[in-house]
Amino acid sequence: MTQLKIGIEEAPASKVHDSTAQYSIVVFCNKCAGAHETLISITIEGGPVHKQSISDFYNGKSLPKALSSLSSECFSCPLTGRQFIQKDTKQIFLVPIKGRPTTENDARRSRKAHGLS
């Protein structure tokens, strides 16, 4: 699995996490009309709370290079076995990975919370 880390500025607070969260990348398939996992995950500061296309999330802003390159990447359809490229960034989605967002004060990561300081 590939993992990337990017940030976002000035996104509406009600639609974003207030900390760093992990997302999987899902693409809409041109071959079978289904949505497929890409085995790519990214970490975004202030990312969307719910599934959202990268086009909608970065509306009015330039896409980070790591995400803009996805529109020229070749993916494999697990149903047809055929390769496809999804050029439409409205059909490439950020999907929050279940679990809590992580923060510097997260008890799971804090040495003080575990009595290790």
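Read-outs throughout are calculated quantities, based only on the coordinates presented, and are distinct from any laboratory measurement. Remember, it's a predicted structure, so these values are computed and weren't measured experimentally. Cβ coordinates were reconstructed from backbone atoms using ideal geometry, including for glycine residues, and neighbour counts include every protein chain displayed.
Summary of computed values
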read-out: Listed pairs K31/K61; K61/K90; K31/K65; K31/K98; K31/K87; K65/K87 exceeding 18 Å between Cα atoms; value: K31/K61; K31/K65; K31/K98
read-out: I54, I40 arranged by Cβ crowding within 10 Å, fewest neighbours leading; value: I40, I54
read-out: Packing-based order for 81-87, 66-72, 25-31, using average beta carbon neighbours within 10 Å, highest first; value: 25-31, 66-72, 81-87
